[in-house]
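The values are calculated or read from the model by the stated rules, or taken from the named source; none is laboratory data. This one's a predicted model, so the numbers in the text were calculated from it and none came from an experiment. Don't worry about glycine lacking a Cβ; one is built from the backbone with ideal geometry, like all the others, and counts go over all protein chains shown.
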Amino acid sequence: MVGGDPRRGPARSLTMRAHLAHATILCALVTSACGAEPAVATDTATATAPPGDTATSAPPDTATGDDGAADVGERDGDAAPAVAIVGARLLGAPGVADGGVAVLVLEGGVIARVGGDVPAGAEVVDLSGRFVVPAFIDSHVHLLYRPEAAEMLSGGVGGAVDMAAPVRIFDPAAVDFGALEVVAAGPMVTALGGYPTQSWGRDGYGLEVPNAEAGRAAVAKLAGLGARFIKVPFQGEAQLSDEIAAAVIDEAHLRGLRVAVHALGDADAARAGRLGADILAHTPVEPLQPATLDLWAGKTVVSTLGAFGGADSTVANLRALRERGATVLYGTDFGNTTVAGVDPRELTLLSRAGLDGAAVLAAGTTAPATFWGFADLGALAPGKAATFMVLRDDPRVVPSTLSSPASVWVRGLATGGGVGAGGSRGGRGG
Ligand SMILES: [Zn+2]
């Protein structure tokens, strides 16, 4: 498990999460001063809490009464009162028309209720005039290359998909992403001397396989370590042969894992598509031929339009893939790029590719939550993490507002937000 486990049942260990939320926020604010303690606490608490434990299975209402909070506090040692957010216009709240005003009740770091009245004893936060949307999910990052999970969180990113990292990313004792939920592939399965082992990914970012058997064994090893998908590069001179790549893809599919490919050229993207890969980890840069576009019709593409300079050909490729029914996921290649938080340039380029504000919002919230299985994210709904952005403008009309949130709430606690601004672009392109 890495960071928060998206597969974890959303309603479990509410009070544990309340405790965690405090530790996590302190980390988000203090950043580098925090060690591995919060992540270890998460993992331990979730793994060891007995299913019927009274503290962890207490219904949300227990904490709302005048003495209910004290009861929970005695059991847990740390319980925050319920928070009722009023006046905000909600987007992504099932049962509430987008842009409609409804009360958002937070308890123990999760969303307890949407709509209804303010619970007795709740702390009321008036966000009249603001828009509240679920935290973003960045579907292409490298968190061990650039370990800035806390900065991503305070910039409005609540979930991230790590698209290549050494195997230690699967070791909770070795990495600490705090409250950032992470889905990871581990190292790319690549050819001997293949991408990225001779460039930016020398130190364990590629798992080199000489033949089909080794390819299948690599997939088995990564699956056993906790990989949630497999990444294969189709780039450069040293590439997996069709036979080896097909074996890797087949083994992944046999294990229920999808395969993401790094393929920037038309021929490489076509070969990956023919061999049955599922996800373009980047929008290809070279103009895609109609036959290549057809191979990717109805599949999935992670945008990363800014990572390679935002060329017109890249933007046109994304537009064409989308016209063929491909699912577009917001992604930045953070690690190789440097904007922690929601990247304003990526938003602009998505708009240029034909995504309106609602589509941009979907590419960063509902679509990746469903696709990757981030059960705690993607909607303002009961049981989801209380991790969301407070925006000054309606993102359906002004998508750029997503990159400068008025505040960001992480597991029920507010931070300043608006971190996703600084930094120049690295542009290495992983
Ligand atoms: Zn990358």
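Criterion first (away from the ligand (no atom under 16 Å from the Cβ) and surrounded by fewer than 24 Cβ atoms within 10 Å (Cβ to Cβ)) does Thr338 satisfy it?
Numbers: away from the ligand (no atom under 16 Å from the Cβ): no; surrounded by fewer than 24 Cβ atoms within 10 Å (Cβ to Cβ): yes.
Taking the combined requirement at face value, the residue does not satisfy it.
Report yes if some residue within the range 349-362 is surrounded by 24 or more Cβ atoms within 10 Å (Cβ to Cβ), within 16 Å of the ligand (Cβ to nearest atom) and modelled with pLDDT of 95 or more; otherwise report no.
The answer is no; no qualifying residue exists.
Return the only residue of Tyr205, Tyr195 being closer than 22 Å to Asp138 by Cα, crowded, with 19+ Cβ neighbours inside 10 Å and within 14 Å of the ligand (Cβ to nearest atom). Lay out the reasoning, then the answer.
On the way: Tyr195 fails: closer than 22 Å to Asp138 by Cα.
Just one listed residue meets the conditions, Tyr205.
Here is a list: Ala320, Ala263. Which entry is in contact with a Pro (Cβ under 8 Å, 6 or more places away or on another chain) and either over 19 Å from Ala369 (Cα atoms) or modelled with pLDDT of 95 or more (or both)?
Values: Ala320 fails: in contact with a Pro (Cβ under 8 Å, 6 or more places away or on another chain).
Result: Ala263 is the single residue among Ala320, Ala263 that is in contact with a Pro (Cβ under 8 Å, 6 or more places away or on another chain) and either over 19 Å from Ala369 (Cα atoms) or modelled with pLDDT of 95 or more (or both).
Kindly establish whether Ala297 is out of contact with any Asp or Glu (no Cβ under 8 Å at 6 or more places or on another chain) and away from the ligand (no atom under 13 Å from the Cβ).
When the stated conditions are applied, Ala297 passes them.
With the requirement that a residue be more than 14 Å from the ligand (Cβ to nearest atom) and part of a strand (DSSP E or B), what does the range 154-166 give you?
Within the range 154-166, Val157, Gly158, Gly159 meet the criteria.
Looking at (1) surrounded by 20 or more Cβ atoms within 10 Å (Cβ to Cβ); (2) charged (D, E, K, R); (3) without any contact (Cβ under 8 Å) to a residue 60 or more places away in the chain, which is the one condition that is false for Asp250?
Checking Asp250 against (1) surrounded by 20 or more Cβ atoms within 10 Å (Cβ to Cβ); (2) charged (D, E, K, R); (3) without any contact (Cβ under 8 Å) to a residue 60 or more places away in the chain, the one that fails is (1).
From the list Ala238, Ala245, Ala217, Ala260, which residue is surrounded by 22 or more Cβ atoms within 10 Å (Cβ to Cβ) and without any contact (Cβ under 8 Å) to a residue 60 or more places away in the chain? Spell out how you get there, then give the answer.
Values: Ala238 fails: surrounded by 22 or more Cβ atoms within 10 Å (Cβ to Cβ); Ala217 fails: surrounded by 22 or more Cβ atoms within 10 Å (Cβ to Cβ); Ala260 fails: without any contact (Cβ under 8 Å) to a residue 60 or more places away in the chain.
Exactly one of Ala238, Ala245, Ala217, Ala260 is surrounded by 22 or more Cβ atoms within 10 Å (Cβ to Cβ) and without any contact (Cβ under 8 Å) to a residue 60 or more places away in the chain, namely Ala245.
Looking at the range 90-101 only, could you name the residues that are buried (at least 21 other Cβ atoms within 10 Å of the Cβ) and either under 12 Å from Arg130 (Cα atoms) or among the acidic types (Asp, Glu) (or both)?
Scanning the range 90-101 gives Leu90, Leu91.
Which fully enclosed helices (runs of 4 or more DSSP H) of the range 264-371 have 2 or more residues being in contact with a helix residue (DSSP H, G or I) (Cβ under 8 Å, 6 or more places away or on another chain) and under 30 Å from Ala385 (Cβ atoms)? Spell out how you get there, then give the answer.
Numbers: elements: 266-274, 290-295, 312-323, 344-352, 357-364.
Hits in the range 264-371: 344-352, 357-364.
What number goes with the only condition from (1) assigned to a loop (DSSP other than H, G, I, E, B); (2) modelled with pLDDT of 95 or more; (3) under 24 Å from the mean Cα position of the chain (by Cα); (4) of a type in the set (A, V, I, L, M, F, W, C) that Trp200 does not pass?
Answer for Trp200: the failing condition is (2).
Restricting to the range 326-335, name every residue that is over 17 Å from Leu180 (Cα atoms) and either within 14 Å of the ligand (Cβ to nearest atom) or more than 18 Å from the chain's Cα centre (by Cα) (or both).
Applying the first criterion (over 17 Å from Leu180 (Cα atoms)) to the range 326-335 yields 326-329.
Within the range 326-335, Ala326, Leu329 qualify.
Of all residues in the range 372-430, which are at pLDDT below 95 and among the basic types (Lys, Arg)?
Correct list: Arg425, Arg428.
If a residue has to be small (Gly, Ala, Ser), away from the ligand (no atom under 16 Å from the Cβ) and crowded, with 24+ Cβ neighbours inside 10 Å to count, how many in the range 305-325 make the cut?
Selection size over the range 305-325: 0.
Within the range 108-144, restricting attention to residues that are surrounded by 24 or more Cβ atoms within 10 Å (Cβ to Cβ) and on the phi > 0 side of the Ramachandran plot, which residue is nearest to the ligand (Cβ to nearest atom)?
Here the residue is Gly109.
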